[in-house]
Amino acid sequence: MVESRWLRSIGPGLVAVAAVGLVASTTLGAADRPWGPRACAGPPVTVAAAAARPAPSTLAEARQEPWYRLVPVLDGDGALRGQRLVTGIGGRRGGMPAGELARESFAAGPFGRFVLVGSDDGTASRLHAFDTSDGCAWPLATERSVIRRATIDPAATSVYETRVDRASRADLGVWRRPLDGAGAATQVLPPLPVDDRYGRTFSTTLTWDLAGRRLAVQSCGEVACRTRVLDLVTGASLTVDDDRLGTLIGLDDTRLVSHGACRGLPCPIVTTTLVAEASQVLVPDAGPGALIATPDGPRLVHEVAGAHDRRLRSVAVDGSAASDLGLLPDDLELVVPDAGDSGTALPAAWVLLAPDGRLPADGGATSTLRLRHVPDGATVPFDEATR
C-alpha cells in the first residue's frame, strides 16, 4: 500500500523508475502482441459524434462505459520495454486482446465510446481514438514532435495535446486540433518558461474542470508543480505559480484543489483561488484524493490513515460539511481520476475503489472492485452494478 501511494506523489521521472521495479514480477517477459487495432469504418466525423456521448447518469448505464489500464513491460535486463494496454467495458473485457505499446506511450479517457491512445516509436508520435467495443481505432494525429499527453474536450469538438521537442525535450506548448479532422492543429498555450524553483519538468497532465469549460494544464518538476488554466470560451489563460503546490486533484469554478509539494503521502490537501492565489488547507494529512460532482456541489473525497485503519472522508471545497464515508478495506484504495495509468467514467457522486487504486492489470478480477456513494457512504460491488 505504501509503495503505490508513494508512486502517485513523486516526480514522474522517478515514478517511471520506481514503477518498473514495482511491477517487475508481473510484467517481465510479457508476450503480448504489438498494439495495432484495425481501422474503424466511416469518416472522421464519426469520432466526434461517438465521443459526445454523455457520461453515465446511473450505475446501470455504467455497464456500457469503457475502461483501460496501462502496465509497464520490462525486457530481460529489467529495462522498460513498452506499455501493456488492457481495455474493457463495464465488468468485462473489451473486443481486443491486450497489446503492447511503445515505451513512450499514454492513454486517457474514456471519452464517450473511446479511449485516447498515444504512442511514440522514436521517429513520430501517433494518436488514435480506440473504440473498445469494436476493437478498432481512428487515427487522429501523426507528429514529428513528441505528443506527451492528450485529451478531448467535453463537447467533443477538439483534441488538446501537450508536445515536447524530439531532440531537446523542450516544451512546445499546448495544441488544439479539430476532432472531426476538419483543420490543422493550432497552438493555444505557448511553451512554459524555465523556472529554477521547479527544476526540470518531468510530466504534464491535462484535467478538465467539473463544468467542462476550462482545461488545467499542470507541469511538475520532481516535487512542485505549476498549473495553467485555459478558458475554452474566451481563450484567456492564467497561471497558478506557487512552488508550495504539488499534484493537482481537481478544478472547480474558482479554485484548484492540490496536494502540497510533498515527496510522499500523506500530505496536506489545499485549495488555491485562481485569481488571488490565496491558499487554504482542507486536510492536513491525506492520502489519494479526488474532486467529484455531487448533488450538494463539488466535494473532495480523500483517504486518511489512522493508527490501525484507513478511512474515506469527504469535505466541501470551502472546508465545510466534512463527513466520514467509512472504512477502506485493507486491499483497496481510491481510484484517482486522470492518474494516467487507468481510467473509467462513473455517475456523479460515486467513487471507485480498487487494489492499488487502479483498474485490474489482467482485464479480469473486476469482482474485487467496489463503488462507494459519497452522499451516504453506501458500497456496491462493481460487478453487480455493471452486470
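At each listed q (0.14, 0.15, 0.31 Å⁻¹), what is the log10 of I(q)/I(0) that the Debye formula gives for the stretch 311-355 modelled as equal alpha-carbon point scatterers? The calculated log intensity ratios at q = 0.14, 0.15, 0.31 Å⁻¹ are -0.42, -0.48, -1.16. Working from label points 7 Å from Cα in the Cα-to-Cβ sense, the residue 275 to residue 134 distance is 4.7 nm. Charged side chains reduced to their Cβ positions (Lys and Arg at +1, Asp and Glu at -1) give the chain a dipole of some 640 debye around its Cα centre. Extents of the stretch 57-191, taken as max minus min of Cα coordinates on every principal axis and listed largest first, are 46, 44, 21 Å. Among 316, 339, 278, which one shows the biggest mean-square fluctuation in a GNM of the chain, springs joining Cα atoms closer than 10 Å? Sorting by GNM fluctuation, first place goes to 278. Computed with a 1.4 Å probe over protein heavy atoms only, the accessible area of residue 35 comes to about 40 Å². Connecting C-alpha atoms closer than 10 Å in a GNM of the chain, tell me which of 112, 297, 76 has the biggest fluctuation. In the Gaussian network model the winner is 76.
For the stretch 164-270, the residue among 224, 168, 260 whose Cα projects farthest onto the positive side of the dipole built from Cβ charges is 168. Cα centroid separation, the stretch 244-286 to the stretch 116-154: 31 Å. Across the options 151, 374, 354, the greatest Cα extent toward the positive end of the charge dipole of the chain (unit charges at beta carbon of Lys, Arg, Asp, Glu) belongs to 151.
Summing +1 for each Lys or Arg and -1 for each Asp or Glu among the other residues whose beta-carbon sits under 13 angstrom from that of residue 213 gives -4.
The dipole here belongs to the stretch 142-292: it is taken about the Cα centre, uses +1 on the Cβ of Lys and Arg and -1 on the Cβ of Asp and Glu, and is about 420 debye. Given R0 = 41 Å, the distance between the Cβ atoms of residue 33 and residue 294 translates into a calculated FRET efficiency of 0.45.
For residue 318 and residue 170, a Förster radius of 30 Å and the Cβ-Cβ distance give a FRET efficiency of 0.15, rounded to the nearest 0.05. With helices as the sole contributors, the chain gives -2500 deg cm²/dmol at 222 nm; each DSSP H run of n ≥ 4 counts as -39500 (n - 2.57), and the sum is divided by every residue.
Every Cα-Cα pair of the stretch 259-372 was included, and the share exceeding 21 Å stands at 38 percent.
The values are calculated or read from the model by the stated rules, or taken from the named source; none is laboratory data. Predicted model only: the values in this text are computed from it and were never measured. Every residue, glycine among them, receives a Cβ derived from its backbone with ideal geometry; neighbour counts consider all protein chains shown. Note: areas computed on protein heavy atoms with side chains; ligands, DNA, RNA excluded. Shrake-Rupley method; radii C 1.70, N 1.55, O 1.52, S 1.80 Å.
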